[in-house]
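As structure tokens, the structure follows; a few thoughts come after it.
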Amino acid sequence: MSWVKNYIRTIPDFPKSGILYRDITTLFENEIAFSKLIDTFVSRYSDKGINKVACIEARGFIHGGALAYRLGAGFVTLRKPGKLPFLKDTESYELEYGSSSLELHIGSINKGDNVLIVDDLIATGGDGHSCL
């Protein structure tokens, strides 16, 4: 998937000095690249028995929702604190520029579910690690 890099804008020193921010909105804006991205992930995961796609706020929702739809799987939102209205679990993690937390509704993922975790990109691995 090295072609993806051609559609991602890099912004230096955002959100703070020394960080190279990968802006994937440019990939989503291109209908051919976005379709190819979803098709690539569908072909990679269609035979894995995925029944839930858990997506990390906020840009993970964009391609995660499309992927869940195409895989015929449920869509689970992993949100920043204070965004979910019902009983929830919270997990904290470290980022390259601070710390944060993610929450999900209790019962949205159950024992035996085969879950694919989707985020927009991996910088430190903090987001995905917190979900495991």
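The values are calculated or read from the model by the stated rules, or taken from the named source; none is laboratory data. Here the structure is a predicted model, which means the values were calculated and not measured. Reconstructed Cβ throughout: ideal geometry from the backbone, glycine too, with neighbour counts over all protein chains shown. Accessible surface areas use protein heavy atoms only, side chains included; no ligands, DNA or RNA. Shrake-Rupley method; radii C 1.70, N 1.55, O 1.52, S 1.80 Å.
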Let me spell it out: the conditions are (1) in contact with a His (Cβ under 8 Å, 6 or more places away or on another chain); (2) within 12 Å of LEU116 (Cβ to Cβ), and ILE38 meets all of them except one. Which number is the exception?
(2)
Which residues, taken from the range 1-22, are of a type outside the set (Ser, Thr, Tyr), within 19 Å of the chain's Cα centre (by Cα) and at pLDDT below 90?
MET1, PRO15, LEU20, ARG22
Scan the range 67-79 for residues that are surrounded by 13 or more Cβ atoms within 10 Å (Cβ to Cβ) and of a type outside the set (D, E, K, R) and jot them down.
LEU67, ALA68, TYR69, LEU71, ALA73, GLY74, PHE75, VAL76, THR77, LEU78
So, in the range 42-57, of the ones that are closer than 15 Å to ILE117 by Cα and out of contact with any strand residue (DSSP E or B) (no Cβ under 8 Å at 6 or more places or on another chain), which residue ends up most open to solvent (accessible area, probe 1.4 Å)?
ARG44
Report whether or not PRO85 is without any contact (Cβ under 8 Å) to a residue 40 or more places away in the chain and not in a strand (DSSP E or B).
yes
On the given criteria, is ILE32 of a type in the set (Val, Ile, Thr), in a helix (DSSP H, G or I) and more than 16 Å from VAL118 (Cα to Cα)?
yes
How many of the residues making up the range 21-69 are in contact (Cβ under 8 Å) with a residue 24 or more places away in the chain and either over 21 Å from LEU84 (Cβ atoms) or not basic (Lys, Arg) (or both)?
29
For VAL76, are the conditions met, namely being in contact with a Gly (Cβ under 8 Å, 6 or more places away or on another chain) and either part of a loop (DSSP other than H, G, I, E, B) or under 21 Å from GLY112 (Cβ atoms) (or both)?
no
Residues of the range 96-113 classified as under 19 Å from PHE61 (Cβ atoms), of a type outside the set (S, T, N, Q) and part of a strand (DSSP E or B), total:
4
When you go through GLY60, GLY64, GLY82, GLY18 one by one, which is the residue that is within 23 Å of ASN110 (Cα to Cα) and open to solvent by 50 Å² or more (accessible area, probe 1.4 Å)?
GLY82
